[in-house]
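To keep things clear, I will list the structure first and then write my remarks on it.
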Amino acid sequence: MTASFWIILIAVLAYGLLHSFLASLHLKARVRRWFGPGSDRWFRLLYNFLAVFTLLPILFLPVLLVDKELYRISFPWFILTCILQILCLFTLLYGLQQTGIRSFLGLRQVLEARPETPATLVTGGLYRTVRHPLYTAGLVFIWLFPVMTWNLLAINLGLTLYILLGIYWEERKLLHEFGAAYAEYQKKTPMLIPGLRRGKPRK
């Protein structure tokens, strides 16, 4: 493994820790105490801005640092990987549409004058198959690049670990928000892999 591999991997994991902290209920509650309930309208939009702003330097690292190719998927198999990646992108868009793209971006909260409406637990469509279809599609997408290098491997490993840890904290928040309804949903629906049976729900 190259020095660049470890630099990128550490950078991605550090980003994941920062991202998880910014998304935490603890930080949102603290911001509400500092700036009042009106800050809830801006929290999601600012969170997304900071998430993208802090991710950009990491995306430049694979280009700036020394790299080495590990493997390359040859024709015609790389066409299959590209098709599957396109399907993943459509899955991401459809999943966002189910939960509300404007809400995901934080625009609805800012543009609507009325107080934020309570969140709704979405369990239909893609969410009937797995609890986190966006993460499933994202993981499949990043691991299907037809060319793999040490730097790209570092990003993929870091993002995969971040997603798995992020799911743990996200499900804690969902259990806190939806209670028994989400616990029942956990029992019936796999986390990431369709058809995969799961153990007891987290508490």
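Before moving on, here are some points about what is shown:
- Within the option set Val31, Val66, Val12, Val52, being in contact (Cβ under 8 Å) with a residue 12 or more places away in the chain, of a type outside the set (D, E, K, R) and under 22 Å from Arg108 (Cα atoms) holds for one residue only, Val31.
- Answer from Leu50, Leu65, Leu27 - the residue that is surrounded by 12 or more Cβ atoms within 10 Å (Cβ to Cβ) and modelled with pLDDT under 85: Leu27
- Condition check for Arg102: under 27 Å from His132 (Cα atoms), at pLDDT below 85 and surrounded by 13 or more Cβ atoms within 10 Å (Cβ to Cβ): yes
- 3 or more residues aliphatic (A, V, I, L, M): qualifying helices (runs of 4 or more DSSP H) within region 1-105: 3-22, 25-35, 40-64, 77-99
The values are calculated or read from the model by the stated rules, or taken from the named source; none is laboratory data. These numbers were taken from a predicted model, which means no experiment stands behind them. Positions of Cβ are generated from backbone atoms using ideal geometry, with glycine treated the same way; all protein chains shown enter the neighbour counts.
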